[in-house]
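Asks: The structure follows.
The values are calculated or read from the model by the stated rules, or taken from the named source; none is laboratory data. If you're wondering where the values come from, they're calculated on a predicted model, not measured in any experiment. We place every Cβ from the backbone using ideal geometry, glycine too, and count neighbours over all the protein chains shown.
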Amino acid sequence: MPNIWALWGSDLLAIVVYVSDQCIVLEIAGYQSPIYIAVVYASNYYLKRRQLWADLTHLQGCFQGPWIFIDDFNAVLGAHEKRGRRPLSNLSCTNFLNWTNSNILHHLPTLGSFFTLTNGRFGEENVALRLDRAVCNEEWINFWRNSACTTLVWHQSDHNPLLLYVILSFVQHATPFKKFKMWTTHVDCHKLVLDTWSKGVRAHGMAMVQAKLRNVKNAFKVWNHTIFGDVDRQVKLVVDEVNKIQQLIDSQSFSDQLYRQDLEAQLLLTKALNYQEQLWKEKARDQNFVNGDRNTAYFHMVSVTPHFFLFNYF
């Protein structure tokens, strides 16, 4: 089973130009010049990472153009990128820094959580590091100018996912009323239908059926707004709460109380994300995905923003 996966839409002209157990490189055409995206999953062993730095240097020399290297480098630049008692390997930091400096690479500023990995332990045993980042060359900065990187919330993983995006355009589409499967998971759904359907209407035959269906539709609109509300907004509120707690963990002395608050917020986030994923999957009308990694960004892109150029790294 490969440890790095790359997925892209059929409208994207991408080819894989390099694959190893530490990296996969895509060449993407369709612009003024090809661009290169290297997704990194560096080894835990610094000697093996040395080979990765050498391979990436060689690739950048072979393929000229805008380059970005993103994801888990399993290395930090110095003590300021680690929280915990265990000492850092100075040699590992030096090798990582030498690779970026020798290739004149820039570390993109990353919004969100500073530390991107935690070992999930309490008290003095807790360790956090900044292992995930985006590093690019000068050509990438000059090519896009508006590229940005942010950490998503840490959720059911020991790493914060990274999101790299370039916005091309935004198109909003009106959508008709539709029943969503997530409604049926609520205990009051069946009762709502029965109560609304049983109400009398002044009509006969098919006109009566149409009137009852219209009443059920209107009842569902009100009920959906009251019970589920704006699903994306609910996710944002929970994400903001998780981010707030994680930033407190980053900026203050680590405490078990903050860590318990983070775990409780993660449970609320799981519930909100499950609703959101189900909603956008149905809106996208795509039934090809089975249960697995969350694909909300994909479904949102398909159903609402077809001209939104998006890269997700999880």
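Asks: Filter the stretch 82-96 down to the residues that are crowded, with 17+ Cβ neighbours inside 10 Å and at pLDDT below 85, then identify the one that is nearest to Gln252 (Cα to Cα).
Replies: Restricting to residues being crowded, with 17+ Cβ neighbours inside 10 Å and at pLDDT below 85, the top hit is Arg83.
Asks: Please determine whether any residue of the stretch 154-166 is at pLDDT below 75 and not in a loop (DSSP other than H, G, I, E, B).
Replies: Yes; the residues of the stretch 154-166 include at least one that is at pLDDT below 75 and not in a loop (DSSP other than H, G, I, E, B).
This table checks each residue for (1) assigned to a helix (DSSP H, G or I); (2) in contact with a Phe, Trp or Tyr (Cβ under 7 Å, 6 or more places away or on another chain); (3) basic (Lys, Arg); (4) within 25 Å of Thr151 (Cβ to Cβ).
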residue	(1), (2), (3), (4)
Gln32	no, no, no, no
Arg50	yes, no, yes, no
Gly61	yes, no, no, no
Ile70	no, yes, no, yes
Asn95	yes, yes, no, yes
Asn98	yes, no, no, no
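Asks: Could you say which residue among Phe311, Phe289, Phe299 is modelled with pLDDT under 80, part of a loop (DSSP other than H, G, I, E, B) and aromatic (Phe, Trp, Tyr)?
Replies: From the options Phe311, Phe289, Phe299, the qualifying one is Phe289.
Asks: Sort out which residues of the stretch 27-40 are over 15 Å from Val135 (Cα atoms) and not β-branched (Val, Ile, Thr), and write them in order of number.
Replies: Glu27, Ala29, Gly30, Tyr31, Gln32, Ser33, Pro34
Asks: A further question on this structure: Has the stretch 64-73 got any residue that is exposed (fewer than 14 other Cβ atoms within 10 Å of the Cβ) and over 19 Å from the mean Cα position of the chain (by Cα)?
Replies: So far as the stretch 64-73 goes, yes, one or more of its residues are exposed (fewer than 14 other Cβ atoms within 10 Å of the Cβ) and over 19 Å from the mean Cα position of the chain (by Cα).
Asks: Need pairs with beta-carbon distance below 8 Å; first residue small (Gly, Ala, Ser) and within the stretch 89-109, second part of a helix (DSSP H, G or I); sequence gap 6+ or separate chains.
Replies: Qualifying pairs under 8 Å: Ser89/Tyr46; Ser92/Tyr46; Ser92/Arg49; Ser102/Thr57.
Asks: Looking only at the stretch 18-43, filter to residues that are surrounded by fewer than 12 Cβ atoms within 10 Å (Cβ to Cβ) and among the polar types (S, T, N, Q); which one of those is farthest from His159 (Cα to Cα)?
Replies: Among residues in the stretch 18-43 that are surrounded by fewer than 12 Cβ atoms within 10 Å (Cβ to Cβ) and among the polar types (S, T, N, Q), the one farthest from His159 (Cα to Cα) is Gln32.
Asks: Moving on. Can Ala42 be described as within 26 Å of Gln266 (Cβ to Cβ) and in contact (Cβ under 8 Å) with a residue 12 or more places away in the chain?
Replies: Considered against the rule, which asks whether it is within 26 Å of Gln266 (Cβ to Cβ) and in contact (Cβ under 8 Å) with a residue 12 or more places away in the chain, Ala42 comes out as no.
Asks: Do the conditions hold for Ile15, that is, is it part of a strand (DSSP E or B) and surrounded by 12 or more Cβ atoms within 10 Å (Cβ to Cβ)?
Replies: no
Asks: Within the stretch 108-126, which residues are aliphatic (A, V, I, L, M) and part of a loop (DSSP other than H, G, I, E, B)?
Replies: Of everything in the stretch 108-126, just one residue is aliphatic (A, V, I, L, M) and part of a loop (DSSP other than H, G, I, E, B), namely Leu108.
Asks: List pairs: first residue in the stretch 246-274 and among the aliphatic types (A, V, I, L, M), second residue modelled with pLDDT under 80 and not in a helix (DSSP H, G or I) anywhere in the structure, Cβ distance under 8 angstrom, at least six positions apart or on different chains.
Replies: From residues that are among the aliphatic types (A, V, I, L, M), the pairs are Leu258/Gln252; Leu269/Val153; Leu269/His155; Leu273/His155; Leu273/Arg294.
Asks: Then there is this: Report, ordered by the first and then the second residue, all pairs with beta carbons closer than 6 Å, sequence separation of six or more or different chains, a first member in the stretch 1-22 that is free of Cβ contacts under 8 Å to residues at least 60 places away in the same chain, and a second member that is among the aromatic types (Phe, Trp, Tyr) and part of a loop (DSSP other than H, G, I, E, B).
Replies: The qualifying pairs are Ala14/Trp8.
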